[in-house]
Amino acid sequence: MSVRQLIRTPDVGSGIMFIAFGLLGLSFSWDLPTGSAMSMGPGYLPQMVSGILLVFGLLVSAVGIARAREAVPITNWSWSALILILISVGAFAIAIEPLGLVVGIVLTTLIAIVAGRESRWGEALALAAGLAVFSVVLFAYALGLPMRIWPSFW
Amino acid sequence: MEFLDNIATGLEVALSASNLFYCLVGALIGTLIGVLPGVGPIATVAMLLPITFYLEPVSALIMLAGIYYGAQYGGSTTAILINLPGESSSVVTCLDGYQMARNGRAGAALVIAALGSLFAGCVATLLIVVFAPPLTDLALLFGPTEYFSLMVLGLIAAVVLAQGSLLKALAMIVLGLLLGAIGTDVTTGAQRLTFGLSELADGIGFVPIAMGLFAVAEIVKNLETPEGRTRRPETIRGYWPTRDEFRRSWPAVLRGTGIGSFLGVLPGGGALLSSFAAYTVEKRLSREPERFGRGAVEGVAAPESANNAGAQASFIPLLTMGIPSNAVMALMAGAMMVHGVQPGPQVMNSNPALFWGMITSMWIGNLMLVIINLPLIQIWIALLRVPYRLLYPAILVFCCIGVYSLNNSTFEVFLMLVFGLIGYAFIKFECEPAPLLLAFVLGPHMEEHLRRAMLLSRGDPSIFVREPISLALLLLAAFLIALVLAPSIRRGREVAFRE
């Protein structure tokens, strides 16, 4: 198995992920005072935990490499669905404050529907409208959450 | 008698008109979302958490508990009628439940499942009432050293009994602890791992993590496989089980209840393990094991009772010791903290109305489930036909609104997005996210106890093995890890989960 394939197996891939998180944790807690075991500084726990995570990452990768023969590389990442779903969540976050709940919901719904590739446009618009009406009634009126409903320039 | 006093205190709270209402709403919404395809109890509870933040703490917890066992129940309905488990703990119900439905006994299977669950829920709740006070007294004797070791044991046990690679699960725990350390250090006030973002000064919110990992990531995974045609549910002819079905069921219900109550208390146990164990036991004990898989009524009665008993019993470690034993309990712990209630032994004494009110509401909720579910079965069947392509945009919208509404913070919506991405990577890398969530919830308390213990021992870590209770807890944790590593047991564990 080539190295390219190897890093795509669940074991080695997750090992690398744990190593990356461990290094990230170490680098960001490096400057914090460690203190001593008796009076721990703010850096004590993050540094210790990051170090342990690094070790676990190495162990998981090692096991993955040792068992490479029986491992199957992950091939079925659905990148388009992932990216579109993330964009639809991001769209809500960007839209909610300047443009309000209604626009946010319609954007999120329509982008999410593109991710699934199974709905027709008529159905999508009906769903978006239905969700917008339902959410405004439930969240803004019934539960009284303080949220902008319509765009600010209206 | 103290026992009856406690129940009376609880009933007074649980039977108030508003709490009855929230219990009913919780059970109904839970069932409703539980029968929808592809939405499990964890995602359901995560999605509905923000709504409950506007209620009184007692009402919120009563409603959340209702959502939990409602979702559990809804999952069984889909398992029986369309051979599609709503969540993992009803996987075994599919085996015989769907066969019963194909034999024209769908009604009987639903009734047996409902009555078995009701009985099991009542018994398990009674166990909580009986065992909560002594366990609480025990936990109150614990100092920081014992508490730290108890939490270590809780986390280890949770991964040992779960599926998948032990090493990865341990790594997920450590990652959860690291995420829990983000924010302002309580003792010194220093900013830790905040990447210079002022929004992270209070730490990462619990809700964005849970929703990202369990709702958003799950949606992306479900979109990988195109949706087939929706399956036609089996028709229901007649509800009442025959005399023979009753005769076969009741011993199975008793055994399932026992197994579920026992396994549910163990960390990492809960509903999933209980239902698998109950089914296996039933098949072993049966004089005609060949009937299993072909519509044996015991194969529905036992796992259904067990998963409900397990679901209720898993509240025991949370309410008495403050240790959540699975992901749903971690969500409950998070909800309690948002309401300013620190789960642990002090809840029972400082807030008896909340404690006993929530527990007694479980009786009422279980009864409500049976009463509302059997007549409403046609509605649930209609819901089974809702296609997933219309569902997931709605789930996504409710998650966004829910997360945003917590603090009116767009930052938290972005956090949910980031954890959706990470959660999808976890799914692809075959890493269970539940241990991460448990560790994230427990992490800050573990650090607190570790600090105090080390201060008391003047920096000597051997305190953890010199104190007898702490030593016993740690030995138990080590023993559990050794068990999993022993080859014969590892093989058995794999077989048990495959079956």
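Among what's in the stretch A:136-152 and is aromatic (Phe, Trp, Tyr) and either assigned to a loop (DSSP other than H, G, I, E, B) or at the interface with chain B (Cβ under 10 Å from one of its Cβ atoms) (or both), pick the residue that is nearest to B:Leu55 (Cα to Cα).
Step by step, filter the stretch A:136-152, then rank; the result is A:Phe139.
(1) within 7 Å of another protein chain (Cβ to nearest Cβ); (2) out of contact with any helix residue (DSSP H, G or I) (no Cβ under 7 Å at 6 or more places or on another chain): which one isn't true of B:Asn407, the others all being true?
It is condition (1) that B:Asn407 fails.
Given A:Ser39, A:Ser27, which one is within 30 Å of B:Thr187 (Cα to Cα), free of Cβ contacts under 8 Å to residues at least 24 places away in the same chain and more than 9 Å from every other protein chain (Cβ to nearest Cβ)?
Only one candidate passes the filter, namely A:Ser27.
Please state which one of B:Pro387, B:Pro393 is free of Cβ contacts under 8 Å to residues at least 60 places away in the same chain, within 14 Å of chain A (Cβ to nearest Cβ) and either buried (at least 24 other Cβ atoms within 10 Å of the Cβ) or more than 30 Å from B:Ala14 (Cβ to Cβ) (or both).
Details: B:Pro387 fails: free of Cβ contacts under 8 Å to residues at least 60 places away in the same chain.
Only one candidate passes the filter, namely B:Pro393.
Inside the stretch A:117-135, can you point out the residues that are hydrophobic (A, V, I, L, M, F, W, C) and either more than 10 Å from chain B (Cβ to nearest Cβ) or in a loop (DSSP other than H, G, I, E, B) (or both)?
Matches in the stretch A:117-135: A:Trp121, A:Leu125, A:Ala129, A:Val133.
Test B:Pro343 against the criterion of being closer than 27 Å to B:Ala215 by Cα, surrounded by 18 or more Cβ atoms within 10 Å (Cβ to Cβ) and either touching a strand residue (DSSP E or B) at 6+ places or on another chain (Cβ under 6 Å) or without any contact (Cβ under 8 Å) to a residue 40 or more places away in the chain (or both), and give yes or no.
Yes.
Which residues, counting only those in the stretch B:467-487, are closer than 22 Å to A:Ala37 by Cα and loosely packed, with under 12 Cβ neighbours inside 10 Å?
Residue satisfying the conditions is B:Pro468 alone.
Kindly provide the set of residues from the stretch A:16-46 that are touching a Gly at 6+ places or on another chain (Cβ under 8 Å), under 25 Å from B:Ser462 (Cβ atoms) and in a helix (DSSP H, G or I), ordered by number.
Residues satisfying the conditions are A:Tyr44, A:Pro46.
Out of everything in the stretch B:438-462 that is surrounded by fewer than 18 Cβ atoms within 10 Å (Cβ to Cβ) and of a type in the set (A, V, I, L, M), what residue ends up being nearest to B:Ile182 (Cα to Cα)?
Among those residues, the one meeting the criterion is B:Leu455.
What number goes with the only condition from (1) among the hydroxyl-bearing types (Ser, Thr, Tyr); (2) under 29 Å from A:Met48 (Cβ atoms); (3) more than 14 Å from chain A (Cβ to nearest Cβ) that B:Ser165 does not pass?
(3)
Filter the stretch B:421-476 down to residues that are within 10 Å of chain A (Cβ to nearest Cβ) and in a loop (DSSP other than H, G, I, E, B), then give me how many there are.
So the answer is 8.
Just checking, which of B:Gly357, B:Gly344, B:Gly365 is within 24 Å of the chain's Cα centre (by Cα), more than 8 Å from chain A (Cβ to nearest Cβ) and at positive phi?
Unique residue meeting the criteria: B:Gly344.
So if I check each of B:Ala109, B:Ala113, B:Ala101, which one is within 21 Å of the chain's Cα centre (by Cα), aliphatic (A, V, I, L, M) and buried (at least 21 other Cβ atoms within 10 Å of the Cβ)?
On inspection, the qualifying residue turns out to be B:Ala113.
What are the residues in the stretch A:92-110 that are surrounded by fewer than 22 Cβ atoms within 10 Å (Cβ to Cβ) and at the interface with chain B (Cβ under 9 Å from one of its Cβ atoms), if any?
Across the stretch A:92-110, the qualifying residues are A:Ile94, A:Glu97, A:Leu110.
Provide a single number: the residues in the stretch B:168-181 that are facing chain A (nearest Cβ under 7 Å) and either within 17 Å of B:Leu153 (Cβ to Cβ) or acidic (Asp, Glu) (or both).
3
Here, each number is a calculation from the coordinates, and none is a lab measurement. Remember, predicted model here, so these are calculated numbers, not experimental data. Counting neighbours? That spans all protein chains shown, and the Cβs are built from the backbone with ideal geometry, glycine included.
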